[in-house]
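Readers should treat all values here as calculations from the given coordinates under stated rules, not as data from a laboratory. The structure presented is a predicted model; accordingly, all values stated were derived computationally and were not measured. All Cβ positions, glycine included, derive from the backbone under ideal geometry; neighbour counts span all protein chains shown.
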Amino acid sequence: MARSDEPIIRVRGLRNQFGEQMIHDGLDLDVRRGEILGVVGGSGTGKSVLMRSIIGLQQPTAGEITVFGEPTLGRDETETVDIRKRWGVLFQGGALFSTLTVAENVQVPLREFYPNMDPALTDQIASYKVVMTGLPPNAGPKYPAELSGGMKKRAGLARALALDPELLFLDEPTAGLDPIGAAAFDELTRSLQRTLGLTVFLITHDLDTLHAICDRVAVLADKRVIAIGTIDELIATDHPWIAEYFSGPRGRAAVQSQHAAQARTTS
Amino acid sequence: MSGPADFSAADGGTLRFTGDLSLSRLGTLPDRLNAFDGTATVLDLSGVGRFDTVGAWVVHRFAAKSGAEIRGLDADKRHLLDQVEQADQPVAMRPEHVNPLTRVLGEVGQAVATAFHTLHGLLGFLGATTLAFLNVARHPSRFRFNAVVHRFEVVGVSALGIIGLMSFLIGMVIAQQGAVQLRQFGAEVFTINLVGRLTLREMGVLMTAIMVAGRSGSAFAAQLGTMKLTEEIDAMRTIGVSPMEALVVPRVLAAVLLMPLLGFYSSMIALIGGALLSWATLEIPPITFIQRIREVVPITDLYVGLIKAPVFGAIIAIAGCFQGLQVESDAEQVGSRTTAAVVQAIFLVIVLDAFFAVFFTWLGWN
């Protein structure tokens, strides 16, 4: 087992190229065990491509990636099954299987990796995951087409958490949710992360999410990670894009609302 | 690192759990716990290594069943167990079971209702398309010339290759089969009548209609369905552009105008195929073939084909556009509506072809 101070994800010299267009060049990134790392960057800076490279959906042109201390690149899918069991992924739209009900969606990973498990137990596991992710108890037999956007994301999260992963990838989890739903989803991510001891790799554009739940934030620009640290540390750097991002009108509003929330909880 | 999950019974109803109580290391523990029939008053978890929600759930369920008390957890594990306990609520897992007889009857009823609903919708759409054509005729400036020309290319020009190949092969097959059968009566020369009348009157236009339904009818449904999904059609309406005029009229017009051309082209290629085969197997030179065609095929056969073609084109385009515009809400519907468009178009084409056959016979065009 990996030592606890070793990064859970380690990316070195990653290069991704589509034809003439270079997305990443010499990108380095460490994700520490037990943290929520926010990944931000302008549109087209390759946030999703970075996530897809780490989870093996995209073959990078060069570089090395280790997850849980094991290299993932250039290996057979059968060799990485044990690593895949230990992470869960929530795609942007939830990516639920449209022909299966919510309960069946949550059971897919269990059935796939533990085919001998007692069906009664998989039913029970699916049922408490459904409740844990804040879905109403009658959501189990519903099909994805019958769910709202927020419920789809919750159901996608329930599926991502089906195997009790140590590492969770979230791709813009609050995009397209109303502010109340987005705040509730942030709260849910935070509480699950604490309860289950998760490490979370979180791609987002949502400044409120960054302020509310991220331990550290990595900024993608110029084809690599230009800065990584807490929000206060990032604001202290003098990179123009970061300054613009966190000190623009939306950034300031997020800081204010965060301070107000802290004041409420401490008083 | 501790071993796989296990438990042992000690005196006084204490069950001591050891190892990792986690999904990957659980093994047969749930089954053994279910089979455990002694009394348990205390569950001691102080020897447990890794502990996840599945392990917590199994312990929680057992504790709830046997009324035992859970002990020996540190703060993190206690928190996890509390969260899992809170999530233990009755959850509906499966859609309600329906009696098979009721379900079958329900599905039959639904299918009949859908059929009538579709027929009704299709007739309504035919009316709406006609109105759109009249509107465009009244305001010629609203006619989208470029869109129509583009459809001409997609529906007609790019179909020439595949329709030509198909027709050529069909002409050859008709001639070959005809020659084999007619030879038994020494009447091989009537192969020419067979090829000429069959292709000009029926096969040329019918096979072209089936090919156009598969190529263009499906494309119309998929295009309009996707535009409906991405709200392009709603955007058009809000800007004041009528989707009927901008999208449906060019497609229907292209299909109506090009079907006769494609049908004629298909018949000619089929004749060439038949002529080549007759030349090769029956030793009828092409010039004789053409001569005989002129003698035995009445000109009304060509009229029959050319009159049917635009009607078929209209049916194909209207079925495609109608089904495309029926798409709502999800991407799966684009697929099912596209299939429905092709099936409907081919079905209606064949039904109408039968009516046409009776009608032209009644006219005396045989």
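Numerical summary
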| read-out | value |
| --- | --- |
| Distant-in-sequence amide H partners of A:Ala227 (H built 1.01 Å from N, under 5 Å) | A:Val219 |
| Label-to-label distance, nm, for residues given as B:Glu283 and B:Val112 (7 Å Cα→Cβ offset) | 6.4 nm |
| For the range B:117-124, 3J(HN,Hα) per residue [Karplus equation, 6.51 cos²θ - 1.76 cosθ + 1.60, θ = phi - 60°, Hz, x = Gly/Pro] | 4, 5, 4, 4, x, 5, 5, x |
| Residue pairs, from the table A:Lys152/B:Lys65; A:Lys85/B:Lys228; A:Lys223/B:Lys228; A:Lys85/A:Lys153, whose Cα atoms sit over 30 Å apart | A:Lys152/B:Lys65; A:Lys85/B:Lys228; A:Lys223/B:Lys228 |
| Residue-wise HN-Hα coupling along the range B:157-166, computed from phi with Karplus coefficients 6.51, -1.76, 1.60 (Hz; x: Gly, Pro) | 4, 6, 8, 4, x, 5, 5, x, 4, 4 |
| Total charge dipole magnitude, chain A, about the Cα centre, Cβ charges on Lys, Arg, Asp, Glu only, Debye to nearest 20 | 340 debye |
| Distance (nanometres) between label positions extended 7 Å along Cα→Cβ at B:Asp82 and B:Ile162 | 6.5 nm |
| For A:Gly88, distant residues with modelled amide H under 5 Å away | A:Leu167, A:Leu168, A:Phe169 |
| Centroid-to-centroid separation of the range B:26-72 and the range A:112-140 [C-alpha atoms, Å] | 19 Å |
| Peptide A:190-199, shielding by other chains (average Cβ, 10 Å cutoff) | 3 |
| Charge dipole of the range A:55-133 about the Cα centre (unit charges at C-beta), most positive-ward option of A:Val108, A:Gly63, A:Ala126 | A:Ala126 |
| FRET efficiency for B:Ile307 and A:Thr237, using Cβ-Cβ distance with R0 set to 51 Å, rounded to 0.05 | 0.05 |
| Antiparallel content of DSSP bridges confined to chain B, in %, to 5 | 35 percent |
| Ranked packing of B:171-178, A:133-140, most packed first, by mean Cβ within 10 Å | B:171-178, A:133-140 |
| Efficiency of FRET from Cβ geometry, A:Ala95 and A:Ser191, R₀ 25 Å, rounded to 0.05 | 0.60 |
| Rounded tilt (10° steps) of B:218-229 against the dominant C-alpha axis of chain B | 40 degrees |
| Using alpha-carbon coordinates, inclination of helix B:286-296 to the longest axis of chain B, degrees | 80 degrees |
| Helix-derived mean residue ellipticity, 222 nm - over the protein assembly as shown, DSSP H n ≥ 4, -39500 (n - 2.57), to 500 | -18000 deg cm²/dmol |
| FRET E, pair B:Arg138, B:Ala10, Förster distance 56 Å, beta-carbon r, rounded to 0.05 | 0.05 |
| Given charges at beta-carbon only (K, R positive; D, E negative), |dipole| of the protein assembly as shown in Debye | 1820 debye |
| Virtual spin-label span in nm between B:Phe36 and A:Asp28, 7 Å along Cα→Cβ | 5.1 nm |
| Estimated vicinal HN-Hα couplings, Hz - the range A:85-101 in sequence order (Karplus 6.51, -1.76, 1.60; Gly, Pro = x) | 4, 9, 10, x, 10, 10, 7, 4, x, x, 6, 6, 6, 6, 8, 10, 6 |
| Inter-centroid distance (Cα atoms) of the range A:49-67 relative to the range B:251-267, Å | 51 Å |
| Helix axis angle, B:75-86 relative to chain B longest principal axis, alpha carbon, degrees | 60 degrees |
| Given 14 as the ceiling on other Cβ atoms within 10 Å, longest exposed-site-free region of chain A for GluC sites (Glu not before Pro) in DSSP loops | A:80-267 |
